[in-house]
Structures are given as C-alpha cells and as structure tokens.
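> The structure's right below; bear with me while I get my questions together.
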Amino acid sequence: GDSVTQMEGPVTLSEEAFLTINCTYTATGYPSLFWYVQYPGEGLQLLLKATKADDKGSNKGFEATYRKETTSFHLEKGSVQVSDSAVYFCALSPAGGYNKLIFGAGTRLAVHP
Amino acid sequence: KAGVTQTPRYLIKTRGQQVTLSCSPISGHRSVSWYQQTPGQGLQFLFEYFSETQRNKGNFPGRFSGRQFSNSRSEMNVSTLELGDSALYLCASSSDRAKNSPLHFGNGTRLTVT
C-alpha cells in the first residue's frame, strides 16, 4: 500500500543553519505531496504542497520539490529561525483519494539561538 | 473566521464503554475527515465525509464509525473501547472547491481509555 517515510528526529540546529528533512514515498499512480507543520500547542497546518512531478512547493522560506524519479519530497530551508521549532510531517494524498492523507512519522525540529 | 472546533478536548473512558466525539468544521466547508494520532502508529486516516456521505475509509475496525449532519458537523463514535484506542483524535475540514484544497485541522480530542 501507499506509504511515507521521513527521517527520524529530533533534528537540532543553530539559528541560521540550513535545514533538510528527507521524505520518500511509495504510491501507485500520481499522488499529491504535502508538508504539514505542528507548532507547540497548535494544530496541524499545511506548510506547502505539490500536485505533480517537478512541481516546487514553497512557503515561509521552506521549499520542497516533487521528484517522481526518486519518489522524494525533501523539505529545505536556507536559514532556520527559533520560531521554526516544530514537528514536521510529510504526507501524500493518493490519486483519487479525495482528502485522505497518508502521513510520515513526523520529524521534530529544535532550533537554538 | 472560526477554525475547526472539536469537543470535548479531553475524555477519560473505561474499557468496554463507547464514546462520541464532535467536530464543527469551518463555515462553508463540506468535507470533514478524521485521523487518529498515537506515539506508536503516528497519524492514521479514519474516514472522510462529504455532504453527509462517507467518501473514503481507512483500515480501522467497525467499532469506529462516523456520521455527518446537514450542517456539515460531524461526529465520530467508538464502541467497545479498548486500551489501544487511547489517542489524540483529529478532525479536519476542507472546502473541497479545488483538487487538494488544504485541510484545516482542529486541536483534537485526547481520549484516554483505562
């Protein structure tokens, strides 16, 4: 079945460091791909998405590119801030899956001043 | 605009009992999905309702059921509770106006089964 694998955390970085969180997926057809973020004490919120191969999603300085050939959707940010500390979830929506999301395990990011 | 509201925030139940959780979507949203979040299994899709019809279902036993009302509010019911049902239950709504319209999540109901 469809699945998402993302790197285990926690990831600990200093402010202004470069961030990469790896995400790979297994799916039939052409799923849509998402990154969701859960800040402390808040609900899950959509960070960015990409709906077809080679699409790049971006938001708040974060980027991820839908790579069909490597079945990957790695999250990157050039310079992290303390306020980026959160849990990040990679997810896919199967083709024709309406609003069904399959999530990865989540990666906790801690950014220190 | 009010966000997705889930009630109650916390519940404590005993094995064998049943429980009903409630979700009020963002005004105008017709799609409501439910997810279970546990430390061991992560976030897992339960089911989705759209215009009072179940449109999609995850791999959970029949003890987990749901429904959606004409005002798009949704309820989720778990019967014959087991210890393993202890989890954070999240509800998400979507306008569904376009493919992959974003899901808006509530803060969840934390269920503890003793």
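> Taking the simple approach of a point 7 Å from Cα along Cα-to-Cβ for both A:Tyr39 and A:Asn59, what is their distance in nm?
1.3
> List the aspartates and glutamates whose Cα sits under 13 Å from the Cα of A:Lys77, skipping any in the same chain fewer than 8 residues away.
A:Glu15, A:Glu16, A:Glu63
> By per-residue mean of other Cβ atoms within 10 Å, what is the highest-first order of A:36-45, B:6-15?
A:36-45, B:6-15
> Just to be sure I understand the model, the point goes 7 Å from the Cα along the line to the Cβ. What's the resulting B:Lys13 to B:Thr38 distance in nm?
That separation, rounded to one decimal, is 1.4 nm.
> Please give the total accessible area that chains B and A bury against each other, computed with a 1.4 Å probe and expressed in Å² to the nearest 100.
1600
> Which whole-Hz couplings ³J(HN,Hα) result when phi for each residue of the stretch A:69-80 is put into the Karplus expression 6.51 cos²θ - 1.76 cosθ + 1.60, θ = phi - 60°, listed in order with x for Gly and Pro?
After applying 6.51 cos²θ - 1.76 cosθ + 1.60, I find 5, 10, 6, 10, 8, 6, 8, 9, 8, x, 8, 7 Hz.
> Averaging sequence separations of C-alpha pairs under 8 Å and six or more residues apart, then dividing by the length of chain A, give the relative contact order as a whole percent.
Across chain A, relative contact order equals 37 percent.
> Moving on to the next point. Between B:Thr5 and B:Arg63, what FRET efficiency comes out of the Förster formula 1/(1 + (r/R0)^6) with R0 = 22 Å and r the beta carbon distance, rounded to 0.05?
After rounding, the FRET efficiency stands at 0.35.
> Further, regarding this structure: Along Cα→Cβ, 7 Å out, is where each label goes; now give me the distance between the ones at A:Ser3 and B:Leu83 in nm to one decimal.
2.7
> Which aspartates and glutamates does A:Lys100 reach when only Cα atoms under 13 Å apart count, and residues fewer than 8 places away in its own chain are ignored?
Counting by Cα, and skipping residues close in sequence, A:Lys100 has these aspartates and glutamates nearby: A:Asp2, B:Glu48, B:Asp96.
> Output wanted: per-residue J couplings in Hz (rounded whole) for the stretch B:49-54, from phi through Karplus 6.51 cos²θ - 1.76 cosθ + 1.60, θ = phi - 60°, x for Gly and Pro.
Ordered by residue, 3J(HN,Hα) equals 10, 9, 6, 6, 10, 6 Hz.
> While we're looking at this one, here's another question. Residue by residue through the stretch A:101-108, which ³J(HN,Hα) values in whole Hz follow from phi under the Karplus form 6.51 cos²θ - 1.76 cosθ + 1.60 (θ = phi - 60°), with glycine and proline marked x?
10, 10, 9, x, 6, x, 10, 7
> Compute the Rg to Rh ratio over the protein assembly as shown from the alpha carbon atoms, using the Kirkwood formula for Rh, and round to two decimal places.
0.97
> Another question about this same structure. Buried by at least 50 Å² relative to the chain on its own: which residues of the stretch A:27-46 qualify, computing accessible area with a 1.4 Å probe on protein heavy atoms?
Output list: A:Leu44.
> What number comes out for accessible area per residue over the protein assembly as shown if the probe is 1.4 Å? Units Å², please.
That works out to 47 Å² for each residue.
The values are calculated or read from the model by the stated rules, or taken from the named source; none is laboratory data. Just so we're clear, the structure is a prediction, and the values are computed from it rather than from any experiment. Cβ atoms come from the backbone with ideal geometry, glycine included; neighbour counts cover every protein chain shown. Just so you know, the surface numbers come from the protein's heavy atoms only, side chains and all, with ligands and any DNA or RNA stripped out. Shrake-Rupley method; radii C 1.70, N 1.55, O 1.52, S 1.80 Å.
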